[in-house]
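For reference, the structure discussed in these notes is given below.
The values are calculated or read from the model by the stated rules, or taken from the named source; none is laboratory data. What you see is a predicted model; the values in this text were computed from it and never measured. FYI the Cβ positions are ideal-geometry reconstructions off the backbone, even for glycines, and counts take in every protein chain you see. Surface accessibility is based on the protein's heavy atoms, side chains included, excluding ligands, DNA and RNA. Shrake-Rupley method; radii C 1.70, N 1.55, O 1.52, S 1.80 Å.
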Amino acid sequence: MLCTRLPICHHLPMDDSPPASPHSRLAPDADDARFVRRVLILLVAAGVTVAVLRASDLLILAFGSILGAIVIHAIADLYAARLKVPAGPALGLGMATMLALLGFLAWLFAVAFRDQVALLVTEGPAIVARFAQQMSASPVGAKIVSAVKAAYAGSQAARDIGGLVRGGGEIALNFLILLFGAFFFAANPAVYERGFLLLIPPPKRVAAEDALFDVGSTLKLWLRAQLIQMTTMGVLVGLGLWIAGVPSAPALGLLTGLSEFIPYVGPIAAMVPALGLAATQGSNPVLWVLAVFVGVRIVQSNLITPFVTSSVISIPPAVTLFTIIGIGYVFGLFGLFFSAALLVVIFTLVRSVYLREVLGEPIPLSPHEPLPLAARDSR
């Protein structure tokens, strides 16, 4: 009877469904929740990108320490496999060998090739200026020199080189951080691997562990191939320059071998001081230097590189070149030094994570013992 006297009674729902809860009337629907989640993912990605750019030097040092730890374990594996040394002593021998190799390089630069290195350092600016002057003799060369100067003037690499010239204390400090970081990573890598896997959602940990070991094994093979190529390049170039009568041939050979760690960009940079020193002896030594570098590069590309990189991933040259330049532009000189290794990591992650896990391509796994954390969450 009361209902008939209310004017709004006929607007009330006539079904028996319960009223909506007051706590869910403003809750987003499925489409809104999906949109909010995507926005949050974009914000997190942007924040990570800004953090990477802000902490680029620290990240490069950490990556270099990881590379050093991989080198130490590769040396320790050789002691364990060839000399049957237990794991603990083999790791100690690996660290000692690493220190011995670094000490040997320091002795080469500071004692054996001291006069030659001093000549390169003191005559470096004059050599570059003389080479640029010779290049500017032709219209095409002048445009190349002008473009290089314009690109280099405001780059991060130019600021890094200026910092290297102004103070060696920072270089020594960074080197010590990298060295101790390598020792810490090498001493107990499983701790860092488990910590990384704990950040991954449990259903994805097995795939993340497979990708992690893919990166480690690929880097180990790549470093071994790089060591062979650096040694052969340095020895062949040093012998060729010595036969051609170029001053400081051993130091130039050592510099060329070390520069091979940065594909394409490094050898070209190492060729500039060789051409500048050869120019002080006349035009014929310059032609000899060009012939030596071209001849050694042909031998390296057709005989040595295919042999030593047959078991390592093959990255197209154009991708390698532009990625190295891009990494050097973002991370500066130290990033340029580790750019080839970073490219190997990126390429391996694309193969292991995207092609194999997302698209289902039949890419083989690297053999490894599963970590306890990943084994517990395995499928």
Scanning segment 268-292 for residues that are crowded, with 20+ Cβ neighbours inside 10 Å and touching a Lys or Arg at 6+ places or on another chain (Cβ under 8 Å) gives G276
Has segment 94-102 got any residue that is free of Cβ contacts under 8 Å to residues at least 40 places away in the same chain, closer than 15 Å to F184 by Cα and either open to solvent by 60 Å² or more (accessible area, probe 1.4 Å) or outside any helix (DSSP H, G or I) (or both)? yes
Hey, can you tell me all the residues within segment 226-250 that are crowded, with 18+ Cβ neighbours inside 10 Å and within 24 Å of S339 (Cα to Cα)? Q226, Q229, M230, T232, M233, G234, V237
For segment 347-362, check the following and say yes or no: at least one residue is open to solvent by less than 60 Å² (accessible area, probe 1.4 Å), among the aliphatic types (A, V, I, L, M) and either under 25 Å from L59 (Cβ atoms) or in contact with a Ser or Thr (Cβ under 9 Å, 6 or more places away or on another chain) (or both). no
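Looking only at residues in segment 181-207 that are without any contact (Cβ under 8 Å) to a residue 40 or more places away in the chain, of a type outside the set (V, I, T) and part of a helix (DSSP H, G or I), which one is most open to solvent (accessible area, probe 1.4 Å)? Before you say what the answer is, go through the steps one by one.
First pass over segment 181-207, keeping only residues without any contact (Cβ under 8 Å) to a residue 40 or more places away in the chain: 188, 191-192, 195-196, 199-201, 204.
Filter again for of a type outside the set (V, I, T), leaving 188, 192, 195-196, 199, 201, 204.
Applying the additional criterion that residues be part of a helix (DSSP H, G or I) yields 192, 195-196, 204.
Working: Y192: 106, G195: 33, F196: 91, K204: 128 Å².
The extreme case among them is K204.
Given the options I75, I41, name the one that is in contact with a helix residue (DSSP H, G or I) (Cβ under 8 Å, 6 or more places away or on another chain) and either part of a helix (DSSP H, G or I) or of a type in the set (F, W, Y) (or both).
Working: I41 fails: in contact with a helix residue (DSSP H, G or I) (Cβ under 8 Å, 6 or more places away or on another chain).
Just one listed residue meets the conditions, I75.
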Being under 11 Å from the mean Cα position of the chain (by Cα), modelled with pLDDT of 85 or more and closer than 24 Å to T232 by Cβ is the requirement here; does L336 meet it? no
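Here is a check on your reading of the model: is V44 surrounded by fewer than 11 Cβ atoms within 10 Å (Cβ to Cβ) and at pLDDT below 80? Lay out the reasoning, then the answer.
Numbers: surrounded by fewer than 11 Cβ atoms within 10 Å (Cβ to Cβ): yes; at pLDDT below 80: no.
No: the conditions fail for V44.
If you scan segment 330-343, which residues turn out to be open to solvent by less than 50 Å² (accessible area, probe 1.4 Å) and either more than 15 Å from I66 (Cα to Cα) or assigned to a helix (DSSP H, G or I) (or both)? If you could, list the steps in order and put the result at the bottom.
From segment 330-343, those open to solvent by less than 50 Å² (accessible area, probe 1.4 Å) are 331-333, 335-336, 338-343; that's our starting set.
Within segment 330-343, F331, G332, L333, G335, L336, S339, A340, A341, L342, L343 meet the criteria.
Residue by residue, here is whether (1) open to solvent by 40 Å² or more (accessible area, probe 1.4 Å); (2) at pLDDT below 90 holds:
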| position | (1), (2) |
| --- | --- |
| I70 | no, no |
| F104 | yes, yes |
| W107 | yes, yes |
| V111 | yes, yes |
| R114 | yes, yes |
| L120 | no, yes |
| E123 | yes, yes |
Counted residues in segment 72-93 being open to solvent by less than 70 Å² (accessible area, probe 1.4 Å) and closer than 16 Å to L227 by Cβ come to 5
Of all the residues that make up segment 344-371, how many are under 16 Å from the mean Cα position of the chain (by Cα) and either in a loop (DSSP other than H, G, I, E, B) or closer than 21 Å to A51 by Cβ (or both)? 3
Among the candidates T49, T4, residue that is within 19 Å of V345 (Cα to Cα) and either in contact with a His (Cβ under 7 Å, 6 or more places away or on another chain) or modelled with pLDDT under 80 (or both): T49
